[in-house]
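Coordinate-derived values only; no laboratory data. Since this is a predicted model, take the numbers as computed values, not measurements. Don't worry about glycine lacking a Cβ; one is built from the backbone with ideal geometry, like all the others, and counts go over all protein chains shown.
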Amino acid sequence: MRLKKPAAHLLRVCTGLGCWQNGAREVLEAARAELGVAPGQAASNGQVALEETPCGFLCGMAPAVELDGQWRGQVTPEMVRRIVQEATRP
Ligand code: FES
């Protein structure tokens, strides 16, 4: 049961072993810094929630992130910053 309105977008960073070994820590940190929230929280404007997720079976393209159900691979910290900015663009 949710007690708060869900965020408009959900960004999930894979922290499975394959992604973790290929830069997911830096990607997660970049997403965290860009949104100003920890995993499990939503940005104060309610636009994007950040979550960690186990393996998304895209290990060959690690590190991987998912935005609103769409997976992207070989994500860099700069790419995840852009993904967040595009998701929060009015
Ligand atoms: S560990 Fe990230 S997709 Fe498999």
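Below, the figures for the structure above:
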item: Search result, residues across the range 14-58 that are of a type in the set (S, T, N, Q), buried (at least 17 other Cβ atoms within 10 Å of the Cβ) and more than 25 Å from Arg2 (Cα to Cα); result: Asn22
item: Index of the failed condition, Leu17 passing every other in (1) in contact with a strand residue (DSSP E or B) (Cβ under 8 Å, 6 or more places away or on another chain); (2) touching a residue at least 12 places away in the same chain (Cβ under 8 Å); result: (1)
item: Residue check, Gly36 of a type outside the set (Phe, Trp, Tyr) and on the phi > 0 side of the Ramachandran plot; result: yes
item: Single residue of the range 34-59 satisfying the filter (touching a residue at least 40 places away in the same chain (Cβ under 8 Å) and of a type in the set (Gly, Ala, Ser)) that is nearest to the ligand (Cβ to nearest atom); result: Gly56
item: Residue within the range 30-43 that is in contact with a Gly (Cβ under 9 Å, 6 or more places away or on another chain) and of a type outside the set (Phe, Trp, Tyr) present; result: yes
item: Candidate set from the range 1-33 (those that are within 8 Å of the ligand (Cβ to nearest atom) and in a loop (DSSP other than H, G, I, E, B)); member that is farthest from Gly60 (Cα to Cα); result: Thr15
item: Residues being charged (D, E, K, R) and closer than 19 Å to Asp68 by Cα - total across the range 6-51; result: 4
